[in-house]
Amino acid sequence: MHIAIAGNIGSGKTTLTKMLAKKYNWLPRFESVDYNPYLEDYYKDLKRWSFPMEIFFLKERFKDLLEISKCDKHVVQDRSIYEGVYVFTANNYAMGNLDDRDFETYMELFKDLTDVVKIPDLMIYLRSSVSHLVANIEKRGRSYEQKMPLGYLENINKRYDDFIMKKYKGKVLVIDADKLDYQHNPKDFGVITDKIDRELFGLF
């Protein structure tokens, strides 16, 4: 079984992934794309290096999917290939960093790759307001995130909603993350696990 956790930067995906892995004895899977050999060049010249950078990320995320498909354990994944493409790559394209030809080639490759793997059994979307995201980003104190423009987070939020509501074809559980402190409040975590049990196992 493959469960994916989706959500904007600062929505709490990694925290929830770890907590669900511990509760259900699932294997946690985190993005293995911390290093991208194109990133340094990308930030120097966005338009020149966007396409190879996005192709590298796609390759790594597809490798993750292949490994998940071969795993004999239930897996909970922090961010999927689907939001990587429909949210973040689509945003890069909308910003003008990818031209039409490159984006069309990229999307064709993405569709060919994902045709040979299954979509997650359940995608859990942590829907968060920008103010909630900013509070979490400030709390965790990563220096490279502190100057992130509010407009960028707002735009990504809109793309997530569009992705979840209109583009993604699999089963989705939407969690209003603003109202829950599942990391520190066991009752709030129980609200989420009750919903997961209902979706996956037909309980309650």
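Hey, if you put +1 on the Cβ of every Lys and Arg and -1 on every Asp and Glu Cβ in the chain, which of THR17, ALA135, TYR182 ends up farthest toward the positive end of that dipole?
About the Cα centre, the residue reaching furthest to the positive side is TYR182.
Taking the Cα atoms of region 94-204, what is the range of coordinates along each of the three principal axes, in descending order and whole Å?
Taking the Cα atoms of region 94-204, the three principal extents are 50, 39, 21 Å.
Counting only protein heavy atoms, what percent of the accessible surface of region 37-139 is carbon or sulfur at a 1.4 Å probe?
51
Using alpha carbons only, what's the Rg to Rh ratio of the chain with Rh from Kirkwood?
Value, to two decimals: 0.96.
Under a cut-off of 27 Å between alpha-carbon atoms, report the lysines in cross-link reach of LYS22, not counting same-chain residues fewer than 8 places apart.
Excluding near neighbours in sequence, the set is LYS13, LYS63, LYS70, LYS73, LYS118, LYS139, LYS171, LYS179, LYS187, LYS195.
Helix 100-114: angle to the longest alpha-carbon principal axis of the chain, degrees 0 to 90, nearest 10?
40
Can you give the net charge of the other residues whose Cβ lies under 14 Å from the Cβ of LYS158, counting K and R as +1 and D and E as -1?
Net charge around LYS158: 0.
How much area per residue is accessible in the chain when the probe is 1.4 Å and only protein heavy atoms are counted (Å²)?
55
The values are calculated or read from the model by the stated rules, or taken from the named source; none is laboratory data. As the structure is a prediction and not an experimental result, all values here were calculated from the model. Note that we place each Cβ from the backbone using ideal geometry, even for glycine, and neighbour counts take in every protein chain shown. Remember, those area values only see protein heavy atoms, side chains included, never the ligands or the DNA or RNA. Shrake-Rupley method; radii C 1.70, N 1.55, O 1.52, S 1.80 Å.
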